[in-house]
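The values are calculated or read from the model by the stated rules, or taken from the named source; none is laboratory data. As the structure is a computational prediction, the values presented were derived from the model and not from experiment. Cβ placement follows ideal geometry from the backbone for every residue including glycine, while neighbour counts extend to all protein chains displayed.
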């Protein structure tokens, strides 16, 4: 749902419009009415006299109504006003909190930039860590082999030694097969720093098959993140029909993070799914799925989606220090 309504847009230079959904807009206006006030696009007024009270900033308007400032990404009428009245609004994750990107590609598979160029661009963003996760062999058009992946690992380790301020993680994006199996056996997966597992085919399986497929991937001890979980491509492909509450429960049980894919063609998970998954106790990774250096700034779209779902730094594993992140990604009995 987009921010379709405007609570106010005043004409003063310092005023910032209060952008919100229609439902949030109505809730705020109801509060104004109960206080014998009127809120319009021009400001906040006494209902009877028409005298202007405040109009310069949205902080002033919210404060006059007895509310703290509510971030635009929360203005969806999902309990944010009640939370504000209780002083319980979340400290939302910010793009500046992101310490690294955990799902990216190079020209070894379907990326457009070299490993060196992607790493240099990531370092320029000030990341503390950065993961290279090229595709695994079951995505046949990528022509991945064990030898190619191991050779890339050596290059990653060599680059890691040169980038003192940013740790490089060597990972892979695995394919979740129709039966939930993965591209490589566990003994090969054990050599990666992290594994993202994603569905890339057989989207029309039954609901039961798709659910079982995702749950089985969660149960693999080497899978740390489920990538673009619903597989949607905005305007191109609908989400798969799986029982995502069962998938969310499996992620919480196994300690598997769900991706908030920041690529504007995906934005997957969306905010409503994130809210449901969070209620199950799931953690998340906001990643770009970058296939070129120009995709790395997409991170802001994923963070915006995370904010709309009330996520904090504690909810997002790639805001954590590297040591804590490594503990989370460590293979364990599931």
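Listing for the model above:
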| item | result |
| --- | --- |
| Residue match in region 235-258 (condition: touching a strand residue (DSSP E or B) at 6+ places or on another chain (Cβ under 8 Å) and more than 22 Å from residue 330 (Cα to Cα)) | yes |
| Residue within region 83-103 that is more than 16 Å from the chain's Cα centre (by Cα), under 20 Å from residue 261 (Cα atoms) and crowded, with 19+ Cβ neighbours inside 10 Å present | no |
| Those residues of region 107-130 which are in a loop (DSSP other than H, G, I, E, B), under 21 Å from the mean Cα position of the chain (by Cα) and closer than 12 Å to residue 291 by Cβ, in sequence order | 111 |
| So residue 161, is it over 22 Å from residue 261 (Cβ atoms), under 22 Å from the mean Cα position of the chain (by Cα) and either in the same structural domain as residue 247 (by TED's automatic domain parsing) or part of a helix (DSSP H, G or I) (or both) | no |
| Count of residues meeting criterion [over 28 Å from residue 304 (Cβ atoms), free of Cβ contacts under 8 Å to residues at least 12 places away in the same chain and in a helix (DSSP H, G or I)] in region 30-77 | 1 |
